[in-house]
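One structure below.
The values are calculated or read from the model by the stated rules, or taken from the named source; none is laboratory data. Small disclaimer: the values here were computed from a predicted structure and weren't measured. When we count neighbours, we look across all protein chains shown, and the Cβ atoms used for this are built from the backbone with ideal geometry, even at glycine. The accessibility values were calculated without ligands, DNA or RNA, using every heavy atom of the protein model including side chains. Shrake-Rupley method; radii C 1.70, N 1.55, O 1.52, S 1.80 Å.
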Amino acid sequence: MMNHMIQMMKQLSSKLSPSVYTSSQQRSAAERMSHLRQIQRELKQEDVLDKPFKDLPFIIFDLETSGFNPDRGDSILSIGAIRMKGTNILEEETFYSTVQTKKAVSTEVLKLTGLTNEELQQSPPLIDVLTQFYTFTGGTTLVAHHASHEKKFMSHATWQTLRTTFAHRLVDTSFLTKVVAPYENLITLDECCEYHCIPVANRHHALEDAIMTAKLWRENLFLAERLGFYSLRDVYLYLAKGNHTK
C-alpha cells in the first residue's frame, strides 16, 4: 500500500512539475518586462541635457566580450559598472558579473581577460545578468570608453534576450576629451589614463576598467567645468559648432 502511494505521488509530481515551473518562468518574465517598461518610462521622462554635471548621476560601465561582432556570434563575457553622482565616484556602489557562454572562448581572449571557460560556463545566463544590470542602472545615463562597442553588444543582447530595445542614453568618454584635450591624440583607455596621471591596473577586467573609466570621466568633468561647460547640452552645442577641431 505504501509503495503504491509513493508511486502515485511520483506520477502526480511528474505531471505537475512542468506546469509549475512554466508558471514560475512566466511570472519571472512578466516581472522582468514590467521592470524594464518602468525603466523605459523613466528614460522618456528624464531630461538630463540641462541638468548641471554636479547634480547628474552616471553609471560608468565596461564590457568584456569574446570578439567584436555580436551578429557573428561574439558574446558578452562580463559586465562591470560603478555609480557616480556628478564628480563623486561612489566606490561602494558597483556591479560585476561574468556571463554564461554557449561556446568555448579563444585562448587569446581568456588570457587577455583573465577569465576561464569553466568560470564562464558556471556563470549566470545573459538574460539574468542583463536584468540585474538594468536593475542596478535604472534610468541613469551611461558612460563608457569607446561606447560604440558597448552599445553594439548591449543593443544586440537586450533584443535577443529581452525582446526590447536598448534605450539608455550612452555617452562616450571622448565626448569630453574633445573639449578638454582637443589637440591630443588620445584613443585607448591606457593613453587617456596616462595623460591624466590615472594609475592603470588589471586591464580588461570589466569592473576594474569601469573604475578607471570613472576616474577618467571625473577628471574630464573637472576640466570641462573649469572651461565653462556645466551640462551635456553645453558640450553638445560646442561640438556641433566644430570648435573642437584643429
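What percentage of the solvent-accessible surface of region 156-213, computed with a 1.4 Å probe over protein heavy atoms, is contributed by carbon and sulfur atoms?
On the way: 1410 of 2840 Å².
Carbon and sulfur atoms account for 50 percent of the accessible area of region 156-213.
For region 57-243, how many pairs of lysine residues have a Cα-Cα distance under 19 Å, where the two are 8 or more positions apart or belong to different chains? Don't jump to the answer; show the numbers that get you there.
Working: Lys85/Lys215; Lys102/Lys111; Lys103/Lys111; Lys178/Lys215; Lys178/Lys241.
Final tally of qualifying lysine pairs is 5.
Once you keep just the Cα pairs under 8 angstrom separated by 6 or more residues, what percentage relative contact order results for region 57-243?
26 percent
How large is the Kirkwood hydrodynamic radius of region 57-243, in angstrom, based on all distinct alpha carbon pairs?
17.1 Å
Just to confirm a number: summing +1 for Lys and Arg and -1 for Asp and Glu over residues other than Arg83 whose beta-carbon lies under 13 angstrom from that of Arg83, what do you get?
Net charge around Arg83: -1.
Cβ neighbours within 10 Å, averaged per peptide: list 178-184, 215-221 in order, most packed at the top.
Averaged packing, sorted descending, gives the order 215-221, 178-184.
Taking the Cα centre of region 57-243 as origin, work out the dipole magnitude from +1 charges on Lys and Arg Cβ and -1 charges on Asp and Glu Cβ, in debye rounded to 20. Don't skip to the answer; put the middle values down first.
Values: 17 positive and 22 negative charges, 134 e Å.
That gives a dipole near 640 debye.
Note down the Stokes-Einstein diffusion coefficient of region 144-199 in µm²/s, whole number, using a Kirkwood radius over alpha carbon pairs, 20 °C, and 1.002 mPa s.
D, rounded to a whole number, is 167 µm²/s.
How far is the Cα center of region 163-229 from the Cα center of region 100-142, in Å?
Cα centroid to Cα centroid, the span is 22 Å.
Using the heavy atoms of the protein chains and a 1.4 angstrom probe, tell me the accessible area per residue for region 57-243 in square angstrom.
Heavy-atom accessible area per residue stands at 49 Å².
Looking at region 45-78, which chymotrypsin sites (Phe, Trp or Tyr not before Pro) are DSSP coil and have at most 16 other C-beta atoms within 10 Å of their C-beta?
Numbers: sites: Phe53, Phe58, Phe61, Phe68; in loops: Phe68.
Here the chymotrypsin sites (Phe, Trp or Tyr not before Pro) that fit, given the DSSP loop and packing criteria, are Phe68.
Go through Ser148, Ser78 and list them by solvent-accessible area, largest first, probe radius 1.4 Å.
Ser148, Ser78
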